[in-house]
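One structure below.
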Amino acid sequence: MPSKDHETLAAQLRPLLTRLVRKLRKLSPANEELSQSERSVLVLLDQHGHLLSAELAVKEKMTPQSMGQLLHHLSDLGLITRVISENDKRKINISLSAAGRERIQRTRKERDEWLSKAISSVCTKEEQAVLRAALSPLSKLVDFD
């Protein structure tokens, strides 16, 4: 059972992490034309290699119709490819195109560069060590269900 100290820490940590994530998202001119859901689909495809439209819809908690519209937009932008499954001709595997992979890499590079500059500019060596030490517990939080 969480203690009052845990609740206080959570209440302090949550808005800071939220603001940091929002700031990182806004700093990427490479993603200005994409919605958050579209960016999320590109990341899922990067992580999984290829997925079916229905799988993407479930992962993004969207209707199949909404996912279809989203995928149509990403296809129009040249960020995804669709390939008929060799095992089941009724299924279409969706994956990143070369342009989609490049978009993700460029976005990550922009965010990493900004974060690196921010850390080196505003954090002391001791604070940088604290950030390094926080990576493990933050990873555990991300993996907690």
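Okay, here's what the table says:
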quantity	calculated
Close pairs from the stretch 108-123: first closer than 17 Å to Arg22 by Cβ, partner open to solvent by less than 70 Å² (accessible area, probe 1.4 Å) and hydroxyl-bearing (Ser, Thr, Tyr), Cβ under 6 Å, at least 6 apart	Glu110/Ser28
Failed item, numbered, when Met62 is tested on (1) more than 17 Å from the chain's Cα centre (by Cα); (2) farther than 30 Å from Ala134 by Cα	(1)
From the options Ser37, Ser66, Ser28, residue that is among the hydroxyl-bearing types (Ser, Thr, Tyr) and modelled with pLDDT of 95 or more	Ser66
Unique match (being acidic (Asp, Glu) and closer than 23 Å to Thr107 by Cα) among Glu7, Glu32, Glu55	Glu32
Sole residue being under 30 Å from Ala134 (Cα atoms), open to solvent by less than 50 Å² (accessible area, probe 1.4 Å), part of a helix (DSSP H, G or I) and out of contact with any Leu (no Cβ under 8 Å at 6 or more places or on another chain), chosen from Arg14, Arg39, Arg25	Arg39
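The values are calculated or read from the model by the stated rules, or taken from the named source; none is laboratory data. Treat the numbers as computed from the prediction; the structure is a model and nothing was measured. Cβ: placed from backbone, ideal geometry, glycine included. Neighbour counts: every protein chain shown. Keep in mind that these areas ignore ligands, DNA and RNA; they rest on the heavy atoms of the full protein, side chains included. Shrake-Rupley method; radii C 1.70, N 1.55, O 1.52, S 1.80 Å.
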